[in-house]
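The structure appears right after this line, and notes come after that.
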Amino acid sequence: MRLYRLTTATLFQWKSWAICLFAVCALPFALSQISIATENATLLKPAIAQATWAMALLSAIFWGFFTAAKLGENNARSGVGEYFLTTGVSSTRQLLEMWLSLLTFIAPLPLLASAVCILAASPGQAAERSMWITTNLQYGVLFLLAIAPLAALAMSVASRFGSITGFVTSAALAIYGLYGVGYLKLLANLESYPALKWIWAGSPHYHFADPTERLRYKLGAIAWDKFPLLLAYFGGILLVHAAISRVLFRARATA
């Protein structure tokens, strides 16, 4: 795990992770004070919860995917990947170790978001508070399952086509899966084009991992008989992205 330790030490020295820490743990409280929630006390806690998860998603997309792309490109073009190949560390192992290192910094984001929502935005009633805790923990798991494969994809695409391409690829997929599929479904219902419905059905539905609407309207936790289906769905996406990432990833730059 030498590459894992090297990558982790590098990311820690970059210190850009501190921006994500501030964005998730402090910025939601500031944003809620400049929102309409200040005019109605009952809206303050939902505003904090919504802002917290929004900051976690933005941090994962912009910092996580950009960092993943930068790591993938640097590993291929700096000669580090080629060096590790000569020591017996395969391309697959390099991708895995760098991915695990990045997850060491991304995984705390949903945990911190859940902690902020539970400690600072829980409902007053005991029954609602219990449901609130369950909802946040469920979406913490789904958040990580949705973001992790996209980070590996950004890393592998960047190793072959450059960091900008790697970042844009994963960021575009994430934004499309979070928001674009909703507009596509609306368009498919308005227009009689069966192709649009097929595209919608085959699209990655990352909005299933976004808890903001459920928390805002206190819709409760995901039913436990449906939660394994979501785990299987995002697990399937993870396997597909893992295969694509391995095919695209390269440990050395071409001449």
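The values are calculated or read from the model by the stated rules, or taken from the named source; none is laboratory data. Computed from a predicted model, the values in this text were never measured in an experiment. Ideal geometry is used to build each Cβ from the backbone, glycine not excepted, and the neighbour counts take in all protein chains shown. The accessibility values were calculated without ligands, DNA or RNA, using every heavy atom of the protein model including side chains. Shrake-Rupley method; radii C 1.70, N 1.55, O 1.52, S 1.80 Å.
For ASN75, only one of the following conditions fails: (1) within 17 Å of the chain's Cα centre (by Cα); (2) closer than 19 Å to ALA148 by Cβ; (3) not small (Gly, Ala, Ser). What is its number?
Unmet condition: (1).
Is it the case that LEU44 is under 23 Å from the mean Cα position of the chain (by Cα) and open to solvent by 30 Å² or more (accessible area, probe 1.4 Å)?
Considered against the rule, which asks whether it is under 23 Å from the mean Cα position of the chain (by Cα) and open to solvent by 30 Å² or more (accessible area, probe 1.4 Å), LEU44 comes out as no.
Kindly list, by first and then second residue, each pair from a residue in the stretch 216-233 that is farther than 18 Å from ILE118 by Cβ and modelled with pLDDT of 90 or more to a residue that is open to solvent by 40 Å² or more (accessible area, probe 1.4 Å) and assigned to a helix (DSSP H, G or I), limited to pairs with Cβ atoms under 8 Å and residues at least 6 apart or on different chains.
These pairs meet every condition: LEU230/PHE208; LEU231/VAL141; LEU231/LEU145; TYR233/PHE208.
Tell me which residues, restricted to the stretch 198-225, are acidic (Asp, Glu) and either buried (at least 19 other Cβ atoms within 10 Å of the Cβ) or closer than 19 Å to ALA148 by Cβ (or both). So that I can check it myself, show each step before the final result.
At the first step, the residues of the stretch 198-225 found to be acidic (Asp, Glu) are 210, 213, 225.
ASP210, the sole residue that qualifies.
Look at LEU31 and say whether it is in contact with a helix residue (DSSP H, G or I) (Cβ under 7 Å, 6 or more places away or on another chain), on the phi < 0 side of the Ramachandran plot and at pLDDT below 90.
Yes, satisfied.
Look through GLY124, GLY64, GLY72 and report the one residue that is out of contact with any strand residue (DSSP E or B) (no Cβ under 8 Å at 6 or more places or on another chain), within 19 Å of MET1 (Cα to Cα) and either assigned to a helix (DSSP H, G or I) or not polar (S, T, N, Q) (or both).
Result: GLY72 is the single residue among GLY124, GLY64, GLY72 that is out of contact with any strand residue (DSSP E or B) (no Cβ under 8 Å at 6 or more places or on another chain), within 19 Å of MET1 (Cα to Cα) and either assigned to a helix (DSSP H, G or I) or not polar (S, T, N, Q) (or both).
Among the residues of the stretch 121-141, what is the count of those that are among the β-branched types (Val, Ile, Thr), touching a residue at least 60 places away in the same chain (Cβ under 8 Å) and open to solvent by 10 Å² or more (accessible area, probe 1.4 Å)?
The total comes to 2.
Can you list the helices (runs of 4 or more DSSP H) lying wholly within the stretch 136-255 that have 1 or more residues being in contact with a Ser or Thr (Cβ under 8 Å, 6 or more places away or on another chain) and over 19 Å from THR67 (Cβ atoms)?
Because the criterion is at least 1 residues that are in contact with a Ser or Thr (Cβ under 8 Å, 6 or more places away or on another chain) and over 19 Å from THR67 (Cβ atoms), the helices (runs of 4 or more DSSP H) in the stretch 136-255 that meet it are 181-190, 212-216, 227-248.
Under the condition of being among the polar types (S, T, N, Q) and open to solvent by 70 Å² or more (accessible area, probe 1.4 Å), which residue from the stretch 51-91 is farthest from ALA120 (Cα to Cα)?
Taking the stretch 51-91 as the starting set, the residues that turn out to be among the polar types (S, T, N, Q) are 52, 59, 67, 74-75, 78, 86-87, 90-91.
Add one more test, that the residue is open to solvent by 70 Å² or more (accessible area, probe 1.4 Å), and what stays is 78, 86.
Numbers: SER78: 44, THR86: 51 Å.
For the stretch 51-91, the residue satisfying everything is THR86.
For LEU173, only one of the following conditions fails: (1) out of contact with any Pro (no Cβ under 8 Å at 6 or more places or on another chain); (2) at pLDDT 95 or above; (3) buried (at least 17 other Cβ atoms within 10 Å of the Cβ). What is its number?
The one condition LEU173 does not meet is (1).
Please go through the stretch 1-10 and pick out each residue that is more than 16 Å from SER78 (Cα to Cα) and either open to solvent by less than 90 Å² (accessible area, probe 1.4 Å) or among the basic types (Lys, Arg) (or both).
Those that are more than 16 Å from SER78 (Cα to Cα) and either open to solvent by less than 90 Å² (accessible area, probe 1.4 Å) or among the basic types (Lys, Arg) (or both): ARG2, TYR4, ARG5, THR8, ALA9.
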